[in-house]
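Asker: Let me begin by handing over the structure; questions about it come next.
The values are calculated or read from the model by the stated rules, or taken from the named source; none is laboratory data. Keep in mind that this is a model prediction, so the values were computed, not measured. Positions of Cβ are generated from backbone atoms using ideal geometry, with glycine treated the same way; all protein chains shown enter the neighbour counts. These area figures cover heavy atoms from the full protein model, side chains too; ligands, DNA and RNA do not enter into them. Shrake-Rupley method; radii C 1.70, N 1.55, O 1.52, S 1.80 Å.
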Amino acid sequence: MSSETDRATLTTRFLGGLDVTVTIAAVVFWAIVLNWSYNQQMSNVKYAVIFVGGIMTVYAIDQSRQALEEGDWVDTAVLLPTSIVLITASVYFASNFQDVYLLRQGYALDHEYMLARLIILSLLYLTWREFGNLFLGLVAGVMLYGVYGNYVPGVLGHAGMSELTLLQATVTDLYGFYGSLTQLTASWIAPFLLYAGLLFAYGAFDLILRVAIVAARHIKSGVAQTAVLASAVIGSINGSYTANAAMTGSFTIPTMQDSGMAGHRAAAIESVASTSGQVLPPVMGASAFVMASYLGVPYIDIVVAGLIPAAILVACIAVAVHYVAISDASSQDMEFSEFFDDELSSKQKLFEGVRFGVPFFVLIYLLGVVQFTVMTAALYTIVAMVLTGVLMPTVQRAVDGSEVSPVGEFLTQVRNTVGGFRRGAIILAPIAIILVVISGVVNIFGTTGVPAKIALLLINLSGGVLLFAVLLAMAVSILMGVGMPTVAAYVIVAILIAPTLIADFGITEISAHYTVFYAAILAGITPPVATAAVVAAGIAGANFWRTCGVAIKIAAPLFVLPVAFVYNPELVSLSVGLDNAVVGSMVLVGGLSLIYGLNYPFEMRPGRRIGLRAGLTGLGLFVMVYPGRLFKLAGIAVFVAVFVAEKVVTRGLQLPFLKGVGQ
């Protein structure tokens, strides 16, 4: 008995030591990242090599700790060697950078080829571990296609690659796994995920939930709208709709169910909110940075281009969620005490506003007004976040004269800062792994000429008809987006699909990229895979297919917007003016017609209800997509007439959202 107790004590201490080591490794890792962002004294390629080694160190220790806590010794036994391979490779390539990158391009030494084989095996294992069989099959399939492409018939065939050529393309030339996408992750995406980690650590998302609960007091669908707001905001930064559905859904779905909402509807609302959050500026699930790099435009231009479609989507989903919520016999009331002990005073709100508002203002000012680089803007935003995150609560304690001393509060916030550094590294690790792998896949695509072959296929299948080409591009984008983080899905479709839409169908660059980007995230709610819906339905204990059905009805405009971008390029212009606002407003009304037709609980005979739903849905599709403004206005007039008639004739003029107004 004593021996078992001693063993348990030693295990607990060992796990505690690993926990501390994770934190130390994360802090050191971020010190390297921020130092490079400040001085950039080494090349992007060498920095990418060091970055991979650093993030893999954090990942290896953290995941080994988790596996040991769960008693999974097999996972630990495989995880540690694979991580050690990647860490060793980074140390080797960084130490011998001049020889490997400059003197031996196109060939490598025997032990380097062996190391490259181990790197590929390690990344395949980590890909399977994080993202499952589907994505492992995709990556392995691309590698097999690269080697055995000479056996592929038809337009997709190519001369094939030798094993050594594959190793050079993915590893030893430092262009594949350590290529441009990994460099972009290290320099642009990583600092923003540190910002996200600090926001979590300082309680920004608790503040969001507080705001949402207060808003729920004045809106009939309050509980559901709270879930949408929290999930969408967190999802924008999180970068994975599946992970976000699991994280935020764990409290939003039970809350909606407790209010009386059916499980499949609660799960559908969460899956849509998590998925749609990926397109919200300014982060857009980290895809905004990659899009800016591909298009060669300032990052702020990508954010500006995304404002109108994001506003359309948010408004339409909010209305759809309201209709779904009121269709249930749910109370939709939230008790503040269920989540927080007390409300914030006016003084506390002021301090919290300054604490989180100043860093965000710094970010917008540096990117949008001064137009600093993304790295520099992110660096100063992080500095501002740490300063306000630590100092504002300390000052608040001094002003309030509370029992907690300013010194005690200062130390608490320093610990929170360290926790934020750790949280940021843990959020970044799986995204970095998948983007390292995708970087290698992209290099194989380029070597084998796949984008040009996809272009020929798309032209042949569509018959040169633009609408068919866009629909086919959307279908391929959804397929490629299955199970992937948002930015990884976007990278693949941006490489394979967007160039064809631009070169062969005359679509503007920004419209083409936004089309495939919006389409790629639809994989989260499109059956039969629909990973966000799978997770949400599991939490709710609901039927998967019913969840997907409601989710598709709620997110219907999201399925139409990619086509609307093509026929209404003003929606995603790099500069927003009156013309863009007018077109955006028209498309918004079309989206509302679509939502109204699919989700509103009409009180009439079934036959008439089905006809009205079909008519309003078709009208919404027409107004959203058709480019002619005169016909758009005519369609809008029809929708307004139907909407007012239903309100006046059927229900008596009742305003649809506010509590206590009308009957």
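Asker: Out of all the residues in the stretch 479-525, which are β-branched (Val, Ile, Thr), buried (at least 22 other Cβ atoms within 10 Å of the Cβ) and either under 21 Å from Lys453 (Cα atoms) or more than 16 Å from the chain's Cα centre (by Cα) (or both)? If you could, list the steps in order and put the result at the bottom.
Answerer: Let us first name the residues in the stretch 479-525 that are β-branched (Val, Ile, Thr), namely 482, 486-487, 491-493, 495, 497, 500, 502, 507-508, 510, 515-516, 521, 525.
Now drop any that are not buried (at least 22 other Cβ atoms within 10 Å of the Cβ), which leaves 486-487, 491-493, 497, 500, 507, 510, 515-516, 521, 525.
If the condition is that a residue be β-branched (Val, Ile, Thr), buried (at least 22 other Cβ atoms within 10 Å of the Cβ) and either under 21 Å from Lys453 (Cα atoms) or more than 16 Å from the chain's Cα centre (by Cα) (or both), then Val491, Ile492, Val493, Ile497, Thr500, Ile507, Ile510, Thr515, Val516 are the ones that fit.
Asker: State yes or no: is Met161 open to solvent by less than 30 Å² (accessible area, probe 1.4 Å), in contact (Cβ under 8 Å) with a residue 12 or more places away in the chain, in a loop (DSSP other than H, G, I, E, B) and farther than 30 Å from Gln66 by Cα?
Answerer: Working: open to solvent by less than 30 Å² (accessible area, probe 1.4 Å): yes; in contact (Cβ under 8 Å) with a residue 12 or more places away in the chain: yes; in a loop (DSSP other than H, G, I, E, B): yes; farther than 30 Å from Gln66 by Cα: yes.
Criteria met by Met161.
Asker: Another question, then. With the structure loaded, tell me whether Gly591 is part of a helix (DSSP H, G or I) and touching a Ser or Thr at 6+ places or on another chain (Cβ under 6 Å) or whether it fails that test.
Answerer: Values: part of a helix (DSSP H, G or I): yes; touching a Ser or Thr at 6+ places or on another chain (Cβ under 6 Å): no.
When the stated conditions are applied, Gly591 does not pass them.
Asker: Scan the stretch 235-248 and give yes if some residue there is over 23 Å from Val370 (Cα atoms), open to solvent by 10 Å² or more (accessible area, probe 1.4 Å) and in contact with a strand residue (DSSP E or B) (Cβ under 9 Å, 6 or more places away or on another chain), otherwise no.
Answerer: Looking through the stretch 235-248, none of the residues is over 23 Å from Val370 (Cα atoms), open to solvent by 10 Å² or more (accessible area, probe 1.4 Å) and in contact with a strand residue (DSSP E or B) (Cβ under 9 Å, 6 or more places away or on another chain).
Asker: Could you tell me which of the residues Thr508, Thr531, Thr500 is within 13 Å of Ala267 (Cα to Cα) and hydroxyl-bearing (Ser, Thr, Tyr)? Outline the logic, then answer.
Answerer: Values: Thr508 fails: within 13 Å of Ala267 (Cα to Cα); Thr500 fails: within 13 Å of Ala267 (Cα to Cα).
Being within 13 Å of Ala267 (Cα to Cα) and hydroxyl-bearing (Ser, Thr, Tyr) holds for just one of Thr508, Thr531, Thr500, which is Thr531.
Asker: If you don't mind, there's one more thing I want to ask. Only one of Val407, Val369 is surrounded by fewer than 20 Cβ atoms within 10 Å (Cβ to Cβ) and either among the aromatic types (Phe, Trp, Tyr) or at pLDDT below 85 (or both). Can you tell me which?
Answerer: Details: Val407 fails: either among the aromatic types (Phe, Trp, Tyr) or at pLDDT below 85 (or both).
Just a single option satisfies the conditions, and that option is Val369.
Asker: Six or more apart or on different chains, Cβ under 7 Å: which pairs go from a residue in the stretch 71-98 that's farther than 10 Å from Gly53 by Cα to one that's of a type in the set (Phe, Trp, Tyr)? Could you list them?
Answerer: Val78/Tyr125; Thr82/Tyr125
Asker: Looking at Thr394 and the list (1) touching a Leu at 6+ places or on another chain (Cβ under 8 Å); (2) among the β-branched types (Val, Ile, Thr); (3) surrounded by fewer than 24 Cβ atoms within 10 Å (Cβ to Cβ), which single condition is not satisfied?
Answerer: Failed condition: (1).
Every residue, every condition in (1) assigned to a loop (DSSP other than H, G, I, E, B); (2) within 17 Å of Arg355 (Cα to Cα); (3) more than 33 Å from the chain's Cα centre (by Cα), yes or no:
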| position | (1), (2), (3) |
| --- | --- |
| Ile382 | no, yes, no |
| Gln396 | no, yes, yes |
| Glu403 | yes, no, yes |
| Asn416 | no, yes, no |
| Arg422 | no, no, no |
| Ala429 | no, no, no |
| Ala432 | no, no, no |
| Leu435 | no, no, no |
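Asker: Identify, by number, the condition in (1) part of a helix (DSSP H, G or I); (2) more than 26 Å from the chain's Cα centre (by Cα); (3) touching a residue at least 24 places away in the same chain (Cβ under 8 Å); (4) more than 29 Å from Ile300 (Cβ to Cβ) that Met604 doesn't meet.
Answerer: (1)
Asker: Does Thr57 meet the test of being polar (S, T, N, Q), crowded, with 20+ Cβ neighbours inside 10 Å, at pLDDT 85 or above and part of a helix (DSSP H, G or I)? Lay out the reasoning, then the answer.
Answerer: Working: polar (S, T, N, Q): yes; crowded, with 20+ Cβ neighbours inside 10 Å: yes; at pLDDT 85 or above: yes; part of a helix (DSSP H, G or I): yes.
Against the criterion (polar (S, T, N, Q), crowded, with 20+ Cβ neighbours inside 10 Å, at pLDDT 85 or above and part of a helix (DSSP H, G or I)), Thr57 qualifies.
Asker: I'm trying to understand the selection: among the residues of the stretch 262-296, which are under 22 Å from Leu313 (Cβ atoms) and outside any helix (DSSP H, G or I)?
Answerer: Passing the criteria: Leu280, Pro281, Pro282, Val283.
Asker: Also: Would you be able to say whether some residue in the stretch 452-461 is open to solvent by less than 30 Å² (accessible area, probe 1.4 Å) and in contact (Cβ under 8 Å) with a residue 60 or more places away in the chain? Give the derivation first.
Answerer: Taking the stretch 452-461 as the starting set, the residues that turn out to be open to solvent by less than 30 Å² (accessible area, probe 1.4 Å) are 455, 458.
When the remaining residues are screened for being in contact (Cβ under 8 Å) with a residue 60 or more places away in the chain, the result is none.
No; the residues of the stretch 452-461 include none that is open to solvent by less than 30 Å² (accessible area, probe 1.4 Å) and in contact (Cβ under 8 Å) with a residue 60 or more places away in the chain.
Asker: Test Met586 against the criterion of being at negative phi and exposed (fewer than 15 other Cβ atoms within 10 Å of the Cβ), and give yes or no.
Answerer: Criteria not met by Met586.
Results for (1) open to solvent by 60 Å² or more (accessible area, probe 1.4 Å); (2) modelled with pLDDT of 90 or more; (3) over 27 Å from Ile382 (Cβ atoms), shown as yes or no for each residue.
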{"site": "Ala48", "(1), (2), (3)": "no, yes, no"}
{"site": "Glu70", "(1), (2), (3)": "yes, no, yes"}
{"site": "Asp75", "(1), (2), (3)": "no, no, yes"}
{"site": "Ile84", "(1), (2), (3)": "yes, no, yes"}
{"site": "Thr88", "(1), (2), (3)": "yes, yes, yes"}
{"site": "Val91", "(1), (2), (3)": "yes, yes, no"}
{"site": "Asn96", "(1), (2), (3)": "no, yes, yes"}
{"site": "Leu103", "(1), (2), (3)": "yes, no, yes"}
{"site": "Gly106", "(1), (2), (3)": "no, no, yes"}
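Asker: Condition first: touching a Phe, Trp or Tyr at 6+ places or on another chain (Cβ under 8 Å) and either part of a loop (DSSP other than H, G, I, E, B) or over 26 Å from Ile237 (Cα atoms) (or both). Now tell me which residues in the stretch 174-190 satisfy that. Reasoning before the result, please.
Answerer: Let us first name the residues in the stretch 174-190 that are touching a Phe, Trp or Tyr at 6+ places or on another chain (Cβ under 8 Å), namely 174, 178, 182-190.
Across the stretch 174-190, the qualifying residues are Leu174, Tyr178.
Asker: State which residue pairs qualify: first residue under 17 Å from Thr617 (Cβ atoms) and inside the stretch 557-584, second residue among the aromatic types (Phe, Trp, Tyr) in any location, beta carbons under 7 Å apart, and separation of 6 or more residues or different chains.
Answerer: Note: pairs meeting the criteria are Leu558/Tyr518; Leu561/Tyr518.
Asker: While we're on this one: Return the total of residues in the stretch 13-33 being more than 12 Å from Gly419 (Cα to Cα), β-branched (Val, Ile, Thr) and in contact (Cβ under 8 Å) with a residue 40 or more places away in the chain.
Answerer: 2
Asker: List the number of the failed condition for Ala523; all other conditions in (1) free of Cβ contacts under 8 Å to residues at least 60 places away in the same chain; (2) within 21 Å of Ala305 (Cα to Cα) hold.
Answerer: Result: Ala523 passes all but (2).
Asker: Which pairs have Cβ atoms under 8 Å, sit 6 or more apart or on different chains, and link a residue in the stretch 130-152 that is within 13 Å of Val437 (Cβ to Cβ) and touching a residue at least 40 places away in the same chain (Cβ under 8 Å) to one that is among the hydroxyl-bearing types (Ser, Thr, Tyr) and surrounded by 13 or more Cβ atoms within 10 Å (Cβ to Cβ)?
Answerer: Sorted first by the residue in the stretch 130-152, then by its partner, the pairs are Phe135/Thr127; Val139/Thr127; Met143/Thr170.
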